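The structure appears below as structure tokens.
The values are calculated or read from the model by the stated rules, or taken from the named source; none is laboratory data. Not measured: the values here are computed from a predicted model. Backbone-built Cβ (ideal geometry, glycine too); neighbour counts: all protein chains shown. Surface accessibility is based on the protein's heavy atoms, side chains included, excluding ligands, DNA and RNA. Shrake-Rupley method; radii C 1.70, N 1.55, O 1.52, S 1.80 Å.
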Amino acid sequence: MTIATCSRPARAGSTLALAALLGVSGSALADAERLEADLRAMFGGYGSVELGEVSSAMVRSRVTAEGFVFEAEEGERLLIDRYVVSGDYDSPDEVTLEGVRIEDRLTDLTLMSAERIVLGEPSRAVFPFDDSLAPEDFRLGSLAIDDIVVDLASEIAEDLFYGTPFTASEGRLTIDSLRGESLSHDAIGMLEITGVAGAGENLDELGSGSFTLASLRVEGLSGLDGDEERLDSLVMRDFAVESDRLVGSLSRLAIDGDFSDGEGGLRLEDFSLDLAKMIELAPESERTQLRMVSNVLTDGSGTLRLDAAFLGNWEEGSDHSRIHSDSHITAHDAVRLLFDIDLPLLLPEGAEPADVFADTGLLDAATLLGGDIRLTIGNEGLFGRLATLGAAMEGVTEAQYIEQTRTQAEGFGMMFGPQVQAILMGLVELLEGNASELEINVGLPAESNLATYTGDPLGLPDKVSFDVETR
């Protein structure tokens, strides 16, 4: 059984009598009246509101408002085909908005639209858009939005994407779905967007062009109210862009920021740059030099492919802690870099090893109990091409160029010491092809801190032990 209450005036006595005859409680009518009043007050009087029918359904404990139209003084129009509150009005199970559109009143152009918005377990049936709602009073158990379209040239987009490449852009952005859980003013339990596609001009660093994104999922984001921000995880899948500044794709980016389990870090999988297309889009005066760089990095294929990982883990012992870092960057068909750190240390009182990954400033106050650092440079074709390019630019043979480089390395070694010389001579061996890998091992003294090394970088070789190997 449904009873409708509208904005048309009616006598209270006759309304209650009709409700009694039809078996409808006064609370249902009160909820309908409250929804109408809250919707009319939602924007704090900064424009005019029109409402169609507002009705209460007793069987399903539901209040519905249809035909909501808000016309802002600034010239925008918000339309909601249907606004439904399910459950207890003071503590709803769900609030659903269907057919949401924001239009420019002067041109009737749609600035933003969403087919359906579902708020699960919201802290209120209607959230006001003025200062009457305290930030801590905003809570959502879940959020689901389908078929989002945004005009990137609108002020709405500027507000939504503040601090992103889409600020002050022109174009169109579509999102198939957005899902969220445990949302508040200062934290996000989970937020995932899928099926993103955009095209436009002035997309900041991206330039003008188009892009697609299969999905972006964020979990455990806190500190949004200005406190220290923390992120448990972020996963981005299948991003592709083709613009006048950048042409490339990324299969997967994963960030594990929750070190409470002893490990975390960042992974980059199958990042690809189409340098050949980017060079075609570059100014003609720059193309020759860019092709030279591309040929060295890609062996003439014109496509640079990268994989990378920056990983860390920690162990807490009875008398000290130990932090490990295992990182690598691979530019396929070019070079491979491996970087490993093993640091036993004493942290300031009250600090946990996991805190170091969130606040690296704690390392400044830590006492290093020795430790090892290992850097490995693996040649996958880059150094041979560098020798060829260097020889061509100098107008000499490759053998002559390598000999010149060797002489320079020996000269620097005389200036900075045998450790530096060993590293430079190892790089020369990579250039001439006598080695495919250079490994540099650094041992730290038993009692030190970061200031020991950062205060006098030139004196670093005298404070640590060096071991350089080629193979």
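Assorted remarks:
- Efficiency of FRET from Cβ geometry, PHE416 and GLU394, R₀ 25 Å, rounded to 0.05: 0.55
- Net charge of neighbours whose Cβ lies under 12 Å from the Cβ of GLY195, counting Lys and Arg as +1 and Asp and Glu as -1: -3
- With Cα atoms, 0 to 90° folded angle of helix 284-298 axis to the chain main axis: 70
- Counted by Cβ distance under 12 Å from MET292, the other residues give a net charge of +2, where Lys and Arg count +1 and Asp and Glu count -1.
- Taking all protein chains together and a 1.4 Å probe, the residues VAL335, VAL95 rank VAL335, VAL95 from largest to smallest accessible area.
- Projected label distance in nm at GLU403 and ASP93, using a 7 Å step from Cα toward the beta-carbon: 8.8
- Compared with the direct C-alpha span, the chain from HIS324 to ASP467 gains 49.5 nm at full extension, assuming 0.36 nm per residue.
- Stretching the chain fully between ASP146 and ALA30 yields a gain of 38.7 nm (0.36 nm per residue, less the alpha carbon separation).
- Two-site FRET efficiency, TYR162 against ALA187, from Cβ-Cβ distance with R₀ of 25 Å, rounded to 0.05: 0.85
- Gained length - PHE339 relative to THR452, 0.36 nm times residue gap less alpha-carbon distance: 38.6 nm
- Structure-based [θ]222 nm, the chain - -39500 (n - 2.57) summed over DSSP H runs of at least 4, per residue, nearest 500: -7500 deg cm²/dmol
- Ordering of 173-186, 104-117 by burial proxy (mean other Cβ atoms within 10 Å per residue, highest first): 173-186, 104-117
- Under-5 Å amide H pairs with HIS185, H placed in peptide plane, nonlocal only: PHE138
- Volume per residue of the C-alpha convex hull in the chain, rounded to whole Å³: 190
- 0 to 90° range, to nearest 10: angle between helix 398-416 axis and the chain longest Cα axis: 90
- Against the chain, whose longest principal axis comes from its Cα atoms, helix 382-394 is set at around 70 degrees.
- Distance in nm between pseudo-label sites at SER222 and SER48 (7 Å out along the Cβ direction from Cα): 4.8
- Candidates SER123, GLY99, LEU389 compared by Cα position along the dipole of the chain: farthest toward the positive end lies GLY99, with charges placed on Cβ.
- Our coupling estimate for the range 300-315, obtained by passing each phi through the Karplus curve with A = 6.51, B = -1.76, C = 1.60 and θ = phi - 60°, is x, 6, x, 10, 9, 10, 10, 10, 8, 8, 10, 10, x, 8, 9, 10 Hz, Gly and Pro reported as x.
- The calculated FRET efficiency for THR360 paired with ALA282, based on their beta-carbon distance and R0 = 41 Å, is about 0.65.
- Between ALA214 and ASP299, the distance separating the two model label sites (each 7 Å from Cα on the Cα→Cβ line) works out to 2.7 nm.
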